[in-house]
Every structure is written in structure tokens, then in C-alpha cells.
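The values are calculated or read from the model by the stated rules, or taken from the named source; none is laboratory data. Treat the numbers as computed from the prediction; the structure is a model and nothing was measured. To get the accessible areas, we keep the full protein, side chains included, count just its heavy atoms, and leave off ligands, DNA and RNA. Shrake-Rupley method; radii C 1.70, N 1.55, O 1.52, S 1.80 Å.
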Amino acid sequence: LVDMPAAGTTESSGPELVDRYLADVPQPQRDTLAQLRATLLDLLVRCNDYRLLSTVQLQSFDDDAALAHISGIVDYLTEHYSESFSMAELAQRSGMTESSFSRNFRRATGNSYTDFVNRLRINKACQLLMETDRYITNVCYDVGFNNVANFNRRFLQIKGMTPKEFRRQAEARFGSAA
């Protein structure tokens, strides 16, 4: 679909590739949504200018029952990230003691329970910062943090920049939100 630079040359950024491609496409074809989606997917596959935002991959270990419980908890957390819950509540929900839950959670996800929840919420915040123009304070509460200072501290720790800087960079790369 798209001519890519020869091996060994530097690749353009994603937005530049899209602009370059669309400049050569006739208007009727450009208006075809399916064609555009296919083209964008092709460009994304070929683009080497990206930043991994999240991976949630459960690691296998010997206790399949515990892994199944943790998988259910991860699904629950992913759906209910904005709600308030404690590790004790989730341990009870999965039928484990807190120490067993903590150990199994870390082995399955590679993160402590607290780190996992913070990372999940920060990734959801990134999504809202890119897709909406909501105030950062509102985004903080929307994703389940109940303290703006803690939200800003965790955001900086995980993303290496403040929420304001993240939004500014996202707008520069992908255009304005909503």
C-alpha cells in the first residue's frame, strides 16, 4: 500500500507518513472509510515511531487455580479501575489470604497489587488526556485517584512527565483532543 524507505534509511514519524500517503491518494479513494482504515493499519504496522503504553500479560506458574483467580481479578480491576477497593477485599473475593494473594498477584502480573492499580489508572488517564479536553483534576478523579498530588506524583513516576506535559506532547503528535 505504501512505499517505505529503503533499508538503512530513517523512517518518518506516523503523522508524516499519513500526510505523505494521503497527498498521493485521489479524493474518491480517500473518502472510502474502509480503504482509509486499511491504509492507517498498514502505516501503523510499518511505523517504528511508537511508545508502548501498556502491557498486561499474565505469566504462567504452577498453580493454575491461583492463576485463574488472579486473571479474574485483573479483568475486574480493568473494568472497575475507577472504583475504590482494597487488596484485602480482592483477596477475599478470590478466596485467598492477603499474603497469598499478594504473592500470586506479583508472580502472575510482574507487579505488586498497588503498582498494578496505579499503572492501570495512569494508562486510563493517558487515554482520557489524549481523547478528551477534560481538566486534569477531573481526569484524576475519573480514573480512581482521590488526591491530585498523589495522581501527579504517580503520573510523573510512571510516565516520566507531568499530565500537562503528556497532553501537550500528545496534542503535538496527534492533534487536539475531542
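For segment 145-163, name all the residues that are among the basic types (Lys, Arg) and within 15 Å of residue 124 (Cα to Cα).
154, 159
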Yes/no for residue 82 being more than 21 Å from residue 170 (Cα to Cα), at pLDDT 95 or above, among the polar types (S, T, N, Q) and in a loop (DSSP other than H, G, I, E, B): yes
Residue 71, sole failed condition from (1) open to solvent by 50 Å² or more (accessible area, probe 1.4 Å); (2) more than 28 Å from residue 44 (Cα to Cα): (1)
